[in-house]
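Colleague: Just dropping this structure here.
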């Protein structure tokens, strides 16, 4: 089967990344088609430009075509619960247990990706739920991006969010060395995220290697503070059902808020919040609403002195 | 001439009851007395011949072959005397499943999507489920369970959302145009099996909340109705005597958006075609 020459286009696995439903209308495709390979185009069916799995950088063009999506970077060391957080959000959305205020779920081009991160948190026949398997540092140098589109009833417009699902090793390497080759993915997140969630793992901070966990987190907080350039950051305590020594908790808070006084703080857990009834975990919905409320700073145009309401004569010198 | 403006894209996976609804709708149109009536005779009753015969005998109809896709043109007239031609398809529901699984939309389907201004999505809630997870059925200690890789199984509502997203894409309309111009009706089939006290919209919200949110975000006035095409469950082999004596056209009902029942099975169609006729 013939392949497209554009590096971001994966025909015939997915559809044309330029959005042509019919490949024959795509200049890039037609330009390379030779008479002998003209029949290679799958003429009797339409390919889709998204595969459903977590998006990579090359897939972004399709999602970002409407407007630049808001990228939420989920940062934290290995086993801090980054993937579990994403999976839990998807499950809660799927149960209709999330009150998003004026927003409503409006679609996703990475449904299979969401299902994959949420899959292990479900009961399947004969198997209880478990935490998602470790997110591997794939060969790719960019994180898997999970897409979520919401519709704002009040504003009458949709917005797209991308959540990063990246391995903890990337952040550990990046915290130590900003330009580390193994931390390129984390650097991408730091550069492109509109908001960063910094996950503090209460289990690790109460375990045998408290010192190591605290050191790594403080290092990561410093790196984030140095790189964030005024963007919103939230400290997210994961596994909040686990008790922590006040001193340890205090030292993390001190580091975090001395560096970034405006940072938000959340505590989340997937553990049952009460003994009975339908569970929504702890703090998960609140955190999701916070991330969805992130906006890019608006541009404020300077007020201009005008002589009238006619836009053609908007600028001028006041005669009186 | 067939006006493409009056065709309905009927969407439903296998086993939701497309053929039963088609056959019962046909009976109702021919009997008259509903919002829509038949104005003349359908071009081709073949797709429903076997189903009509089974229902007349008080039995349920068989399965429609996978590869079948037959359009039948029904001239209909409403109470005001306005005429339209309804293009009603009958096909094997596996075609929908194969589209979702292969993530490819055959060109025939693309043409149908682009021609139909109104879509009717049939869902049988018994066939769909949201699996238990750690929120609905918590586990005392999740940390003790082993980490393992398991196969990704798409949940039923994710599959239906993906289907609608795929059809939206091949339909080649902008989201804004779709929200304001195209119509979507959701019909919850086999309503009698559900034993649900409440409106169809509430049933959809309870069983497939993510799909309901998706539909409300992408269509401005989606309608959700319930349908019991047969009124009761029929067996494939044993006859239901009431059916035989009273005729299948006296069975079956629609659950309107407000939860009231109506024997007029043409209502969902009338609602969908309302503006485009």
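The values are calculated or read from the model by the stated rules, or taken from the named source; none is laboratory data. Please read these numbers as outputs of a predicted model, since none were measured by experiment. Every residue, glycine among them, receives a Cβ derived from its backbone with ideal geometry; neighbour counts consider all protein chains shown.
Colleague: Within the stretch A:68-91, which residues are part of a loop (DSSP other than H, G, I, E, B) and more than 13 Å from residue A:268 (Cβ to Cβ)? Walk me through it before giving the result.
Modeller: The first filter runs over the stretch A:68-91 and keeps only residues part of a loop (DSSP other than H, G, I, E, B), leaving A:68-69, A:77-81.
Matches in the stretch A:68-91: A:68, A:69, A:77, A:78, A:79.
Colleague: Now for a different question. Just a yes or no: is a residue in the stretch B:48-57 within 28 Å of residue B:168 (Cα to Cα), in contact with a strand residue (DSSP E or B) (Cβ under 8 Å, 6 or more places away or on another chain) and away from chain A (no Cβ under 14 Å)?
Modeller: So the first thing to find is which residues in the stretch B:48-57 are within 28 Å of residue B:168 (Cα to Cα), and the list is none.
No, the conditions are met nowhere in the stretch B:48-57.
Colleague: If I filter the stretch B:81-99 down to residues being at pLDDT below 80 and part of a loop (DSSP other than H, G, I, E, B), which single residue comes out as surrounded by the fewest Cβ atoms within 10 Å (Cβ to Cβ)?
Modeller: B:81
Colleague: Continuing with the same structure: Please pick out the residue among B:226, B:231 that is under 17 Å from the mean Cα position of the chain (by Cα), modelled with pLDDT under 90 and more than 8 Å from chain A (Cβ to nearest Cβ).
Modeller: Details: B:226 fails: modelled with pLDDT under 90.
Going through B:226, B:231 in turn, just one is under 17 Å from the mean Cα position of the chain (by Cα), modelled with pLDDT under 90 and more than 8 Å from chain A (Cβ to nearest Cβ): B:231.
Colleague: Next up: Within the stretch B:121-128, can one find any residue that is in a loop (DSSP other than H, G, I, E, B), closer than 17 Å to residue B:204 by Cα, at pLDDT 90 or above and more than 10 Å from chain A (Cβ to nearest Cβ)? Spell out how you get there, then give the answer.
Modeller: So in the stretch B:121-128, the residues in a loop (DSSP other than H, G, I, E, B) come out as B:124, B:128.
From the residues that got through so far, the ones that are closer than 17 Å to residue B:204 by Cα too are B:124, B:128.
Still in the running and at pLDDT 90 or above: B:124.
Checking which are more than 10 Å from chain A (Cβ to nearest Cβ) leaves us with B:124.
Among the residues of the stretch B:121-128, at least one is in a loop (DSSP other than H, G, I, E, B), closer than 17 Å to residue B:204 by Cα, at pLDDT 90 or above and more than 10 Å from chain A (Cβ to nearest Cβ), which makes the answer yes.
Colleague: Does the stretch A:110-139 hold any residues that are at pLDDT 75 or above and either touching a helix residue (DSSP H, G or I) at 6+ places or on another chain (Cβ under 6 Å) or facing another protein chain (nearest Cβ under 7 Å) (or both), and which are they? Reasoning before the result, please.
Modeller: Filtering the stretch A:110-139 for residues at pLDDT 75 or above gives A:110-122.
Answer for the stretch A:110-139, where residues must be at pLDDT 75 or above and either touching a helix residue (DSSP H, G or I) at 6+ places or on another chain (Cβ under 6 Å) or facing another protein chain (nearest Cβ under 7 Å) (or both): A:111, A:112, A:114, A:115, A:116, A:117, A:118, A:119, A:120, A:121, A:122.
Colleague: If you check B:15, B:40, B:33, which single one turns out to be on the phi > 0 side of the Ramachandran plot, touching a strand residue (DSSP E or B) at 6+ places or on another chain (Cβ under 9 Å) and surrounded by fewer than 21 Cβ atoms within 10 Å (Cβ to Cβ)? Spell out how you get there, then give the answer.
Modeller: Details: B:15 fails: touching a strand residue (DSSP E or B) at 6+ places or on another chain (Cβ under 9 Å); B:33 fails: touching a strand residue (DSSP E or B) at 6+ places or on another chain (Cβ under 9 Å).
Only one candidate passes the filter, namely B:40.
Colleague: Mind checking which helices (runs of 4 or more DSSP H) fall wholly inside the stretch A:175-242 and carry at least 1 residues that are modelled with pLDDT under 90 and crowded, with 22+ Cβ neighbours inside 10 Å?
Modeller: Working: elements: A:184-192, A:202-206, A:210-227.
In the stretch A:175-242, A:184-192 are the helices (runs of 4 or more DSSP H) which contain 1 or more residues that are modelled with pLDDT under 90 and crowded, with 22+ Cβ neighbours inside 10 Å.
Colleague: Would you be able to say whether some residue in the stretch B:207-218 is part of a loop (DSSP other than H, G, I, E, B) and within 12 Å of another protein chain (Cβ to nearest Cβ)? Working first, answer last.
Modeller: Applying the first criterion (part of a loop (DSSP other than H, G, I, E, B)) to the stretch B:207-218 yields B:208.
From what's left, within 12 Å of another protein chain (Cβ to nearest Cβ): B:208.
Within the stretch B:207-218, one or more residues are part of a loop (DSSP other than H, G, I, E, B) and within 12 Å of another protein chain (Cβ to nearest Cβ).
Condition check ((1) in contact with a strand residue (DSSP E or B) (Cβ under 9 Å, 6 or more places away or on another chain); (2) at positive phi) across all residues:
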site: B:163; (1), (2): yes, no
site: B:168; (1), (2): yes, no
site: B:190; (1), (2): yes, yes
site: B:193; (1), (2): yes, no
site: B:223; (1), (2): yes, no
site: B:243; (1), (2): no, no
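Colleague: Here are some residues: B:185, B:198. Which one is over 16 Å from the mean Cα position of the chain (by Cα), modelled with pLDDT of 90 or more and not in a helix (DSSP H, G or I)? Give the derivation first.
Modeller: On the way: B:185 fails: over 16 Å from the mean Cα position of the chain (by Cα).
So the residue among B:185, B:198 that is over 16 Å from the mean Cα position of the chain (by Cα), modelled with pLDDT of 90 or more and not in a helix (DSSP H, G or I) is B:198.
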